[in-house]
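Below is one structure; the comments refer to it alone.
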Amino acid sequence: MSADKSTSWSYAEDLPAEDEVMLRARERSFELGVTPVGPGVGAVLTVLAASSKAQTAVEVGTGAGVSGVCLLRGLGRQSVLTTIDVDVEHLKAAREAFAEAGSPANRTRTISGRAGDVLPRLTDAAYDLVFLDADKPGLPGYVEQAIRLLKPAGLLIINDALDKDKVSNPAGREATTVVLRQVGKAIRDDERLASAMLPTGDGLLVAVKK
Ligand SMILES: C[S@@+](CC[C@H](N)C(=O)[O-])C[C@H]1O[C@@H](n2cnc3c(N)ncnc32)[C@H](O)[C@@H]1O
């Protein structure tokens, strides 16, 4: 492995070509002060959703819909994306993005509320994919909920899992960093899962339920 991969990382991150729908969703994210997934993570979400032939997906942290559009573009035609956010303005912007992406309203279930309140109400072993992109302190609980929600062979995906290079630095002791480090190790050691840490974006932790 070459010593400095930063040039290749930047190239890979920016390689996906994004269309007008995605660029408008990014603009709305910016206006609302939401940080959306980058193009590299977005492309991986589409690939994972398509390759796993997922029909039912849950997203925690809708934002203005950038990651949701990426997931919808990979999910099958009959699939349903359930996406959760505490902020109704974010959900409104996301619904605009989903409509612009040509997704029929019945393919998305947008739920307003805290993930900690909403996830326990969703059905056991009914989902093919769970994507977590909100509220890092709540992650340990969301991961347990995700394992309950996933069918066998279902995918768990966690965004920002390397926390801007802070997780890999043992001196990084911020609360969020510590949670992400613990969650990464707990998932690695969890016998119910097989996992891999992708360096895409700020780290994309991917695990499959055995
Ligand atoms: C990083 S943004 C999500 C970006 C989105 N995934 C995308 O790529 O477009 C995080 C979102 O999580 C929402 N959020 C924060 N805490 C939450 C919680 N406890 N439950 C549900 N949503 C939450 C915020 O309102 C925000 O829209």
- Scan the range 137-162 residue by residue and report those that are out of contact with any Lys or Arg (no Cβ under 8 Å at 6 or more places or on another chain), open to solvent by 30 Å² or more (accessible area, probe 1.4 Å) and in contact (Cβ under 8 Å) with a residue 24 or more places away in the chain. PRO137, PRO140, GLY141, GLN145, ARG148, LEU162
- Residues of the range 40-81 being away from the ligand (no atom under 16 Å from the Cβ) and buried (at least 21 other Cβ atoms within 10 Å of the Cβ), in sequence order, are ALA54, THR56
- Return a yes/no flag: does the range 167-182 have any residue that is open to solvent by less than 70 Å² (accessible area, probe 1.4 Å), in a helix (DSSP H, G or I) and over 23 Å from THR35 (Cβ atoms). no
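Residue-by-condition table, conditions (1) open to solvent by less than 10 Å² (accessible area, probe 1.4 Å); (2) closer than 15 Å to ALA57 by Cβ; (3) free of Cβ contacts under 8 Å to residues at least 60 places away in the same chain:
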residue	(1), (2), (3)
ARG95	no, no, yes
ALA99	no, no, yes
ALA105	no, no, yes
THR108	no, yes, yes
ASP117	no, no, yes
ASP124	no, no, yes
TYR127	no, yes, no
- Which listed residue, of LYS136, LYS164, is touching a Leu at 6+ places or on another chain (Cβ under 8 Å), within 15 Å of the ligand (Cβ to nearest atom) and under 24 Å from PRO36 (Cα atoms): LYS136
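The values are calculated or read from the model by the stated rules, or taken from the named source; none is laboratory data. Note that the structure is a prediction, hence the values are computed from the model and not measured. Counting neighbours? That spans all protein chains shown, and the Cβs are built from the backbone with ideal geometry, glycine included. In case anyone asks, the SASA skips ligands and DNA or RNA and just uses the protein heavy atoms, side chains included. Shrake-Rupley method; radii C 1.70, N 1.55, O 1.52, S 1.80 Å.
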